[in-house]
Structures are given as structure tokens and as C-alpha cells.
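The structure under discussion appears below in the form of C-alpha cells.
The values are calculated or read from the model by the stated rules, or taken from the named source; none is laboratory data. What you are looking at is a predicted structure, and each value in this text was computed from that prediction instead of being measured. All Cβ positions, glycine included, derive from the backbone under ideal geometry; neighbour counts span all protein chains shown.
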């Protein structure tokens, strides 16, 4: 019974902190998500300690709730994104995804090598600069009602491509680091699998839903369209991890499939309370993972500043170059939207620490950089989106 | 990342099993909750093993999700229950609560003593016969749209009183069992605390909400009435565990407070997707805890049959006697509605096993009895409710 009490208290503290943080942020015209992350930072282990470090390691109940929260978030973003719309921006999304991986990877490797890492280890460090985490940007786009904008579609499409490439890259640098050669054949196989997964689920799923969505209403349960699509969401989130991709990619695809349902507004509406209850756990825990003690050490602080600047600029440049067809402002929105690294950078940093590539300080800096990019992005993105409140300046042919 | 994949797979399996179970149950005119519990039994450790025994011990992510599910369920039941309506049935609810504790406790003690337990241990065994678990009945009442019936209010009011008495009783039998005397003074203090908690929260909370519900709409977040009342729900669920009560009592009180809000239909509506997503975890896990191997042993099976009959009849009689003012059918509904013991009996049985009062077999039987009562109740309750589909036969003065 004591365990129940402890977890209920944590849930209460996290949920209330999120509400207060979001409210304050919105009062000062910042996206609510900034307040939720900041609230996590305040109540987290490195400040007030109301959430302890043991509570936020993978597999704990709070982490699972956070994971469910971000999975449902990307699912609901998927519901607002139709495959047809995504296909229209396919070329831009592809360019953004590819350049948004290459530029930070090159920049990261150069920095790491300059910093004294051997080349094989530098490539590993650079991998932590690469993967965009779509959760933060998706939340800002949704909060500001901007998911129907062309830039949002480019960002979401690019996030899928980014995740596939990051997964491949991680495979390559891991085998280089342990001294193994890179087997092009097995890499191509992994790539083909991932692309096949996304393509088949995306294509076949949306087609099936378009033709047969009436069976969603067959069950007795009046909420069955919601429960069936939620089941698909959980199933695809799991499946995408089996293909080496992030769970949120599968959730996003599931949402996109559900968006083919004629009455998709109903689903969007029903997702609101679920998001309101569950996503705060993700953002508060993201904030709670920021180790504020990094900021107390001048050397580390300086390294953090350099690393963060490189991470932000390189990703921005990649995204901007890939989406120049959207015009300057559009390209800037896409570039900024790709900046957050979030938990993906944290995962790679943990691998680096575990395998002895990173020192504790490098680890802390990489983690702090990943999370800092998540904090920096929302306000900038909000300003850019509001400055061009109209759907992107008319572009004759976005491709 | 592997942990994430494993938990996503479990979530998917549980959620899908719940949907299939509920659908089948409803097709054969049983309440959906029966199907969810049965589904849990099928995929649980003692049958298919798709959920393992380690995944359903307290503090695991699945258990926490289940706990959140039942907390939200009782919260939403509270939203449909106004304090004023509850007060009208106060006398019946009190009688049902008190008799529903005394009769099973006496019957349970007699059985245990007859079965060879010393008196102090018999009282401990009997404690496992006592506590009604409101979750199952609440779900059936909600599923059948019967929460506005007078019998439902009596059951819900009685569940609160039942929980207070069961908590006290557990304190008494525990100290008797470890050989300590019963300190009337400290018992009265515990009782006063619990009653004080319920009364103050109920009274002051509803009054405050009636006068000041406009501040729920003050925050920027358009979903703020929902998020604020959810925060109150988590907070009171935690607080009630601090007073020795079940978390669901606090959640129910929170819902009752929220029901004083003028636009409470909006909250009821918003709770639907949350319940659809989260409550299946509670009911599937309830089913998964049933150890089917008990049924393979003739002696244990016989003992289980006797214990279950005693548990069902004694609780039914207590509830029936306490609510005779509702007429025969009404009293029968209340009597049946109080029968499920659910996880409360399981908790007491675990304490008994840990302290050496119970053998493994007695433990398994008590747990199976607690869960069997939860499976038996919904279909019977559904039949009784449908037989008298009109709001209880006109009673001049229910008090």
C-alpha cells in the first residue's frame, strides 16, 4: 500500500507542477510546453528533488507513463496529418531529413575530433548530435494550431526520415567503435526493413482505412473507433521499436492511418483529455533529467555552450537548406523545428557512457545539450510561426 | 530501448485482450467488464502467460496504470454523484456499510475457527471477507447507465463507510494477531481521522466548488476545468491512502466535489476517452491475478467453494438487511452490488501470507475468492438492474 501512496504523490506533484509551469509560460506568451519542461527541471533531482533520479530511469512507472504520453501525442499529431498532404511535401521532407542528419553529423565529428577524440569515437559522439526528437516540436505546432501548415508537414515527414537515418547511423558508429568493420550488406538490409515498414504501414494502412473504416463502428462499444485506433497505435509503436525505430514513429503512422477515417474530428476531440492527462508526464520528466550541476563547472559550461551552438546551428542549416523551396520564413520554421534532440540524444549519450566512449562530463554535457535544444526551440518556433500567421506565403509549386 | 519495446507490447496485448473480451461478453449480454476480467485470466500467468507474474506485483508500471485506471473510474463515478443525493440515502448507506462489514466478519470468523484457526487468527482471516471493492460494481453501474438510481447511491455511500470500517478492522486484527492488545484510544483516533477526512473533504470541498467553480476556468488552458479536477483527484487519492483508506475513496470524493460544477456534463464527457484507455488495465490485471491452479486441487477447490459461498451470502445479507427500505428488488441490487471484494481481499491475504497466518493454499483460496466475487457479481447485477429498469419503485420516504 505504501508503494501506491508514493506513486500517487509523485503523479500529483508532477501533474500539478506541469499545470503551474504551463500556466506561467503561457501568461508570459511562451508555449506551455516550455513551462512544463522548466517545472520538471525545478522539481527534478538536481533542484528540489521531489522526483528522484531512481524514479526516472527506463522501465519505471513514471517513465512508462511519459512514454505513453509522447506516444499518444504523436498519435494525435498523426490524426491531424493525412498521407496525401505528406506526399505533397515529399521532396522537401526528404531533403530536410537527409541534410538534417548529414550537417550535424559532420559538424559533430569535426568538433569531437578537434576536442581530442579518435576518429572512430568522434563519429560516435557525432551520432548524439543527429537525431531529432519530434515530440517537442509536434507539441508546439499542435498548441499553436499550426499542424495544417506546409512547414509542419515538412517537419513531420522529415522526422520520420531523420529517425530512419539516425537509427542506421547509430548502427554504423557502434560497430566502428567496437572495432568491427561496417557490413554494407547488413546495413542495407536494416535500411530496407525500416523503409519497408514505414512504406507498407503508411500505404497499406491508409488504403485499408479509407476502404474499410466502417468496421471501426461494428463493435458494441460506442467508443470503438477510439479504442481500435488506440490499439493500432500501441501495436505500431511496439512494431516500430522492433524495426529499430522510435516508438513515436509507429504512433505517428497509426494516427495518419486513423486520419483517413471520415469522422476524424471525433477522434481528435477524444484525444484531447488523454493528452491533457498524459503528455505532462513526458515533458516534466524531460525537464527533470536536466542535470543542473553541469552549469556549476566553468569548463563544462563552456563545453556545453560550444556543443549546443554547434548542435543548434548545424541542425538549423540542414533543415533550412532542405526546405528553401518554402521561402525564407518557411525554411527558418523548418530549420528551427528540427532542432530539438530530446530523449534520443540522451539515449545515445547513455550508450556512450556505458561503452566507455564518453567521460561522465562529456555525458552530462551531451545530455544537457539534448535537453537544452528542447527548451530553446519552443519559444523561437512560436515567434516564427506567429510572425507568419498566414499559411506560408503562396508557393506556386512547393516541390 | 528494449524495456520500452517490452512494455509497449504488454500494453498492446492487454488493451487488445480487453477489447476482445468486452466485445464477446457484450454480445452474449454480459457486462463488458466480465469479458475484460476473463481476458486477463486467459492472458495471465496461470494460463497463456502473456502477462507474467513479475509484471503484476505492486509498483510495476502495469500495476500503476491499473491503479490510475481504477482511480479515474471512481473519479468519474463521483462526478455523476452529488453529495446532496448521497445525503438523501445516508441512513440506508450507513446501515449497508455497517451490516455489510459485521455479517461477513462474523461469518468469516466462525468459518475460520471451525476450520481450525485459533481465534486471534480467525479474526484475521475474517478480515479478508470484509472489504468491498467498489471498482467492479461502479463500472457495471456506469456501463448500464444506472448511476442515478437510488440503489447506486446507497452502494457508493456504503462503499465509503465500508472502507473506513474495514481499515479499522484490519488495524484491530493485526494487533490481536501479533499478540498486542487493542488500544481503544488509538483506534478511536484513527476512526476520527478517517471520518474527519471524508467529512471535511466532502463538505468543504463541495461547498467551495459550488461557490467558486468559476476559477476552474481562469487558467489559459481551455481544458483547465478537467486538468484542475484531475489534479484534485490525484491529490485526494494520495491523501486518502495517508489516512489509511483506499485511493479510490479519495478519487470518488474528488469526483463528487467536481460534480458541483455547473457544467459537469462536460467533465463526464471528457472522462470517457480516459476511462476507455486506462480502466481496461485495471480489469485485465484483476483477471490476470486469478491463480487457475487452485482449481486443479480437489481439496482447495472445495474450500474455495465454501469460502466463496460464505463470502457472497454474508455480504449479500448485510447489504440486503441494510437497505430493506428500498423494497425487495432494490435491497437485492444493493446486496449484490456490495459482494465484490476485488483487490482489497487480495491485499489482506498477502499480509496474512507474509505474517505466516495463512498457508499458501489458504492464501490462494482467499485470493481466488476475492476475485471470484468480482466475476460473479457483474452478470447478476446486470440482470437485477434490467429487471427493474425503471428508477426504483416509488418509495415515499427512502429514509
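Observations, loosely collected:
- Positions within region B:284-294 being surrounded by 14 or more Cβ atoms within 10 Å (Cβ to Cβ) and assigned to a helix (DSSP H, G or I), in sequence order: B:284, B:285, B:286, B:287, B:288, B:294
- Among the residues of region A:295-339, those identified as farther than 18 Å from residue A:133 by Cα and either in contact with a strand residue (DSSP E or B) (Cβ under 9 Å, 6 or more places away or on another chain) or not in a helix (DSSP H, G or I) (or both) are A:297, A:323.
- Residues that are without any contact (Cβ under 8 Å) to a residue 40 or more places away in the chain and either buried (at least 24 other Cβ atoms within 10 Å of the Cβ) or under 15 Å from residue B:383 (Cβ atoms) (or both) within region B:304-316 comprise just one, B:316.
- Region B:1-104 holds helices (runs of 4 or more DSSP H) entirely within its bounds, and those carrying 3 or more residues that are without any contact (Cβ under 8 Å) to a residue 40 or more places away in the chain and within 12 Å of another protein chain (Cβ to nearest Cβ) map to B:2-27.
Yes/no matrix, rows are residues, columns are (1) more than 10 Å from chain A (Cβ to nearest Cβ); (2) surrounded by fewer than 19 Cβ atoms within 10 Å (Cβ to Cβ); (3) within 20 Å of residue A:278 (Cα to Cα):
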residue: B:196; (1), (2), (3): yes, yes, no
residue: B:206; (1), (2), (3): yes, no, no
residue: B:211; (1), (2), (3): yes, yes, no
residue: B:214; (1), (2), (3): yes, yes, no
residue: B:226; (1), (2), (3): no, no, yes
residue: B:232; (1), (2), (3): no, no, yes
residue: B:239; (1), (2), (3): no, no, no
residue: B:249; (1), (2), (3): yes, no, no
residue: B:257; (1), (2), (3): yes, no, no
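- Which numbered condition residue A:379 fails, given (1) modelled with pLDDT under 80; (2) part of a helix (DSSP H, G or I): (1)
- Within region B:358-373, the set of residues being crowded, with 23+ Cβ neighbours inside 10 Å and part of a loop (DSSP other than H, G, I, E, B) comprises just one member, B:358.
- Among the candidates B:319, B:342, B:327, residue that is buried (at least 21 other Cβ atoms within 10 Å of the Cβ) and modelled with pLDDT of 90 or more: B:319
- Residue count, region A:113-161 (criterion: more than 24 Å from residue A:327 (Cα to Cα) and surrounded by fewer than 24 Cβ atoms within 10 Å (Cβ to Cβ)): 11
- Residue in region A:239-283 that is nearest to the chain's Cα centre (by Cα), counting only those that are in contact (Cβ under 8 Å) with a residue 40 or more places away in the chain and assigned to a loop (DSSP other than H, G, I, E, B): A:246
- Among all positions in region B:331-339, there is at least one residue which is modelled with pLDDT of 90 or more, away from chain A (no Cβ under 14 Å) and surrounded by fewer than 24 Cβ atoms within 10 Å (Cβ to Cβ).
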